[in-house]
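Working notes, structure below.
The values are calculated or read from the model by the stated rules, or taken from the named source; none is laboratory data. Just so you know, these numbers come straight off a predicted model, no measurement behind them. Here Cβ is always computed from backbone atoms with ideal geometry, including for glycine, and neighbour counts include all displayed protein chains. The protein model used for the area step is the full one, side chains on, heavy atoms only, and it has no ligands, DNA or RNA in it. Shrake-Rupley method; radii C 1.70, N 1.55, O 1.52, S 1.80 Å.
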Amino acid sequence: MNSNIKKMTMTALFTALVCVATLIIQIPVPATNGYIHPGDALIFVAAVFLGARYGLVAGGLGSALADLISGYVF
């Protein structure tokens, strides 16, 4: 199997995992109008397994999707 295809597939999977982990448990932080979530831990796991570049993509897209779905964009 091509190594590039494997990295892209793992990046997509980690993106989905970060998004779901962010949406499942959200503990609001009133001081910042944000929230704490287990998706942050998965971002670090993605960076360890995939490397900095692909981990950045997985963490960024997963968090952005979770923010869009949960309504924190507006």
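Is there a residue in region 8-19 that is in contact with a Pro (Cβ under 9 Å, 6 or more places away or on another chain), at pLDDT 95 or above and in a helix (DSSP H, G or I)? Walk me through it before giving the result.
Narrowing region 8-19 to residues in contact with a Pro (Cβ under 9 Å, 6 or more places away or on another chain): none.
No, the conditions are met nowhere in region 8-19.
So which pairs qualify, if the first residue must be in region 56-74 and touching a residue at least 40 places away in the same chain (Cβ under 8 Å), the second must be outside any helix (DSSP H, G or I) and open to solvent by less than 50 Å² (accessible area, probe 1.4 Å), the Cβ gap must be under 8 Å, and the two must be at least 6 apart or on different chains?
Here the result reads Ala66/His37, each pair linking region 56-74 to a residue that is outside any helix (DSSP H, G or I) and open to solvent by less than 50 Å² (accessible area, probe 1.4 Å).
Residue under question is Tyr72, and the condition is that it be open to solvent by 40 Å² or more (accessible area, probe 1.4 Å), hydroxyl-bearing (Ser, Thr, Tyr) and assigned to a loop (DSSP other than H, G, I, E, B); does it hold?
So Tyr72 fits the description; yes.
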